Amino acid sequence: MEYPIRELPAIMRGPRVERRRVLIGGSAYWGTMVEGGSDVGKLRLDDGRLLDAGAATYLPPVSPTKIIAAHICYTSRSMETRNKPKPTETPTYFTKPPSSLNGHGGQILKPADCTYLNYEGEYAVVIGRTCRNVLPDEAWDHIEGFCPLLDMGLQDFRDTDQGSMLRVKGADTLLPIGPGITRGVNIFEQTLTTYVNGHIVQQAHIGDETIWGPQYIIADIARHITLEPGDVICMGTPCHSRSIGPGDHVECEITGLGKVGGTVTAIDTPRASALGVGHPPADTPEVRRVALGFDERVPEHFKANLKKARSQS
């Protein structure tokens with residue numbers, strides 16, 4: 001890992017604290033998960049009420065001015081896509097609009113004219129303090145916490161939006177995140193697992209596979225771009241991002257943080273697209289290269305599990 005940590009930063013030292021944002025009667029409320037005692041596992045709202053966390057309606061626990069995503073930060077993903085453990089000498093990025101945010105348990109919309117909607121299980125770094133021109137060791141002090149997320153992608157637009165990823169990764173509902181923001185957990189000791197219909201289709205120990213950690217990514221971006229409180233950095237996915245379809249339930253679970261999920265829901269082709277406006281979704285060799293991946297470079301059990309998951313669709 002570039003710039004390994006010398007001392008565990010405060011953001012990753014206990015106790016564990018998880019903050020969630022829920023919708024009740026049309027209004028948003030913040031609360032903190034109860035970590036012990038007879039009410040463990042419940043959500044205590046800031047006004048003192050206790051909620052059944054499993055029955056709550058969740059909102060994204062972030063209000064970013066910007067969402068920045070790293071392309072590849074895991075060795076297994078680099079090996080699958082580039083056939084080498086490090087994809088580039090330094091990280092590369094794209095942005096997602098805040099309108100792509102989705103809460104835990106929401107619908108992930110797949111237009112009828114699109115074929116390839118890929119999952120990518122990831123974790124997010126949420127900025128807590130204004131950050132500009134920092135060193136990697138200083139970056140930790142600007143983090144509010146970490147969230148599980150799903151960086152979904154309409155790969156049908158890969159050809160036309162290759163440079164920006166705007167429609168590939170920026171469409172509405174393509175960023176389920178949450179259910180909460182957690183601090184007091186060593187992110188490098190956690191395991192990331194993605195499920196489709198209950199079957200494991202991605203898995204990686206974060207510390208073992210990380211190429212560039214949050215401290216490096218933040219210091220790199222903040223050389224030129226001011227990061228504001230609430231901003232989100234998506235930290236990339238391990239190998240085996242593949243396409244799923246309507247009815248599939250996808251989840252990303254990160255030990256120590258929790259699990260975020262959503263269900264793929266079919267919607268009609270956009271009205272303007274039906275008139276021939278804009279570049280249409282495509283099924284080209286480049287689109288298939290990314291959407292279908294390189295099966296020869298991923299573990300066999302991921303492929304077998306995805307086949308089982310698709311049989312349940």
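The values are calculated or read from the model by the stated rules, or taken from the named source; none is laboratory data. On a predicted model such as this, the values are computed, not experimentally measured, just so you know. All Cβ positions, even for glycine, are placed from backbone atoms using ideal geometry, and neighbour counts span all protein chains on display. The accessibility values were calculated without ligands, DNA or RNA, using every heavy atom of the protein model including side chains. Shrake-Rupley method; radii C 1.70, N 1.55, O 1.52, S 1.80 Å.
List the residue pairs whose Cβ atoms are under 6 Å apart, where the first residue sits in the stretch 22-34 and is on the phi > 0 side of the Ramachandran plot, the second is in a strand (DSSP E or B) and open to solvent by less than 20 Å² (accessible area, probe 1.4 Å), and the two are 6 or more positions apart or on different chains.
From residues that are on the phi > 0 side of the Ramachandran plot, there are no pairs.
Picking from Arg167, Arg183, which residue would you name as being among the charged types (D, E, K, R), open to solvent by 40 Å² or more (accessible area, probe 1.4 Å) and without any contact (Cβ under 8 Å) to a residue 24 or more places away in the chain? Lay out the reasoning, then the answer.
Numbers: Arg183 fails: without any contact (Cβ under 8 Å) to a residue 24 or more places away in the chain.
Exactly one residue qualifies, and that residue is Arg167.
Listed residues Thr95, Thr32, Thr90, Thr65; which is under 29 Å from Met1 (Cα atoms), open to solvent by 40 Å² or more (accessible area, probe 1.4 Å) and either of a type in the set (A, V, I, L, M, F, W, C) or assigned to a strand (DSSP E or B) (or both)?
Values: Thr32 fails: under 29 Å from Met1 (Cα atoms); Thr90 fails: either of a type in the set (A, V, I, L, M, F, W, C) or assigned to a strand (DSSP E or B) (or both); Thr65 fails: either of a type in the set (A, V, I, L, M, F, W, C) or assigned to a strand (DSSP E or B) (or both).
Being under 29 Å from Met1 (Cα atoms), open to solvent by 40 Å² or more (accessible area, probe 1.4 Å) and either of a type in the set (A, V, I, L, M, F, W, C) or assigned to a strand (DSSP E or B) (or both) holds for just one of Thr95, Thr32, Thr90, Thr65, which is Thr95.
Quick check on my filter: what residues within the stretch 257-271 are open to solvent by 50 Å² or more (accessible area, probe 1.4 Å), out of contact with any helix residue (DSSP H, G or I) (no Cβ under 9 Å at 6 or more places or on another chain) and not β-branched (Val, Ile, Thr)?
Lys259, Ala266, Pro270, Arg271
Criterion first (in contact with an Asp or Glu (Cβ under 8 Å, 6 or more places away or on another chain) and among the small types (Gly, Ala, Ser)) does Gly37 satisfy it? Please lay out each step first, then the result.
Numbers: in contact with an Asp or Glu (Cβ under 8 Å, 6 or more places away or on another chain): no; among the small types (Gly, Ala, Ser): yes.
No.
Take the residues in the stretch 99-125 that are touching an Asp or Glu at 6+ places or on another chain (Cβ under 7 Å) and closer than 17 Å to Lys259 by Cβ; name whichever of them is surrounded by the most Cβ atoms within 10 Å (Cβ to Cβ).
Top of the filtered list is Glu122.
For Arg13, state whether it is surrounded by fewer than 16 Cβ atoms within 10 Å (Cβ to Cβ), more than 30 Å from Leu166 (Cβ to Cβ) and either hydroxyl-bearing (Ser, Thr, Tyr) or touching a residue at least 60 places away in the same chain (Cβ under 8 Å) (or both).
yes
Check off (1) open to solvent by 70 Å² or more (accessible area, probe 1.4 Å); (2) hydroxyl-bearing (Ser, Thr, Tyr); (3) out of contact with any strand residue (DSSP E or B) (no Cβ under 9 Å at 6 or more places or on another chain) for Ser27 and give me the number that stays unchecked.
Answer for Ser27: the failing condition is (1).
Of everything in the stretch 159-210, what is in a loop (DSSP other than H, G, I, E, B), under 21 Å from Leu59 (Cβ atoms) and out of contact with any Lys or Arg (no Cβ under 8 Å at 6 or more places or on another chain)? Give them in sequence order.
Correct list: Ala171, Asp172, Thr173.
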